[in-house]
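What follows is a set of notes on a single structure, which appears directly below.
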Amino acid sequence: MTTRNLYHSKPAQWAFYGLFFLAIAGIPAFVSDGFLLNQFAVYGIYGMLALSISLCWGFGGILNLGQGIAFGLAAYGMAMTMQMQSQDPDSNPIPPFMLNNSLEHLPWFWQPFWSTGGGIVLALVVPTLFYVVFGTLMFRARVSGPFFAIMSLAMLSAFATLILDMQPYTNGANGLSPPAPLSLFGTDIDPYGPTAYWIVCGLLIAVTVGAKLLTQSKFGLVVQALRGDPERVRFLGYNVALYETCIYAISGFIAALAGCLWVMLIQYVSPAQLDPTFSIGMVIWAGIGGRLSLLGAILGAFLIQGGQSYLGDQFLATWLLVLGAFFIVVVRFLPKGLAGLLEKVLGALARQPGKHTRPDLPHAITGAPAAGE
């Protein structure tokens, strides 16, 4: 087998992913503090969001500044499901905040959330269907680039305003705060226990593997070709709008899954989850980590959110300036993010005299597309 064929089999790349999975899976063995374990699980959710941006923007070339739509709608759906688990259909069928807003009957769109399974399915399906519809309308009209980014941001602001205005049904700016943990199959999921962490970790690994296999499939290759030259792909007979809608909807589904996990861990959701700043932050995570690398985007989210947790309290508002400056430097000098920097370092080491490392190994480790691919 030639070196090139070895590269296409990507054994080193999958080995590196496996090491990453083992590292995050082993955290509960070394962390006994429930609060810290919960925080690590939240980082896993951020990583999932960064991965969804990498899939959409890095591989698909679709800059989405409104990823909070899927995340926020799914989070509200999960919060509604958990809220209804705490209500009694006979003696206490209406959440307290609705009574405070003079509602006498449970709204019709809250009724399906009496079923835990049905509520979780709706929390995932509704945002994904919105992405399918919105993506179809935009991409068939050939809206792309900065125009699509602006439209997605405008739609996000519209949803945030809608939730704020629907005070009697969503509790407005106060948000939803389910009084009890999520119950699955008769078992309460302690958000500070190892079970919740394993759920987040397992789903993060599953979506990462799924996304990686997707990018290596024929579908993924067509999507990556769209990023470079959509007109040429259209000339070859492919339905560009269909491929763009599919990758956009898949990224939305991953963000929706992250939204459900967020409420399971935090037991709270508010319009802040649909704030444009949060969605733009997802793009920053992926950009700094490396939008052309799924694993790089995840690590970028870990780095930025970890820095904010431990440095944000010290620098306060200055942290946003530090983050903005860091992002500008990375975009200007490291267009492939920190994953690209790792490529350059490993490539330089491989070119040193006496080194026999394959020249394509850095690409295999970071997961970014190699030159000419």
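The values are calculated or read from the model by the stated rules, or taken from the named source; none is laboratory data. A quick note: this is a predicted structure, and the numbers were derived from the prediction, not measured. Positions of Cβ are backbone-derived with ideal geometry, glycine not excepted, and every protein chain shown enters the neighbour counts. To get the accessible areas, we keep the full protein, side chains included, count just its heavy atoms, and leave off ligands, DNA and RNA. Shrake-Rupley method; radii C 1.70, N 1.55, O 1.52, S 1.80 Å.
At-a-glance table
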{"item": "Sole residue being closer than 23 Å to Lys10 by Cα, in contact (Cβ under 8 Å) with a residue 12 or more places away in the chain, in contact with a Phe, Trp or Tyr (Cβ under 9 Å, 6 or more places away or on another chain) and part of a helix (DSSP H, G or I), chosen from Val200, Val222", "result": "Val222"}
{"item": "Options Ala206, Ala256, Ala225; residue that is under 12 Å from the mean Cα position of the chain (by Cα) and either closer than 21 Å to Ile62 by Cα or open to solvent by 10 Å² or more (accessible area, probe 1.4 Å) (or both)", "result": "Ala256"}
{"item": "Unique residue being modelled with pLDDT under 90, surrounded by 14 or more Cβ atoms within 10 Å (Cβ to Cβ) and closer than 28 Å to Leu221 by Cα when the list is Leu295, Leu334, Leu303", "result": "Leu334"}
{"item": "Considering residues of the stretch 147-188 that are of a type in the set (S, T, N, Q) and within 18 Å of Ile266 (Cα to Cα) only, the residue surrounded by the fewest Cβ atoms within 10 Å (Cβ to Cβ)", "result": "Thr187"}
{"item": "Checklist (1) open to solvent by 40 Å² or more (accessible area, probe 1.4 Å); (2) in a helix (DSSP H, G or I) applied to Gly237, failing item", "result": "(2)"}
{"item": "Pro112 open to solvent by 50 Å² or more (accessible area, probe 1.4 Å) and out of contact with any Leu (no Cβ under 9 Å at 6 or more places or on another chain)", "result": "no"}
{"item": "Count - residues of the stretch 18-77 that are part of a loop (DSSP other than H, G, I, E, B) and either of a type outside the set (Asp, Glu) or crowded, with 24+ Cβ neighbours inside 10 Å (or both)", "result": "11"}
{"item": "Subset of the stretch 276-289 (residues that are surrounded by fewer than 21 Cβ atoms within 10 Å (Cβ to Cβ) and of a type in the set (Ser, Thr, Tyr))", "result": "Thr277"}
{"item": "Selection count, the stretch 79-106, where residues are within 30 Å of Leu153 (Cβ to Cβ) and open to solvent by less than 10 Å² (accessible area, probe 1.4 Å)", "result": "3"}
{"item": "Residue among Gln267, Gln273 that alone is under 23 Å from Ile62 (Cα atoms) and surrounded by 17 or more Cβ atoms within 10 Å (Cβ to Cβ)", "result": "Gln273"}
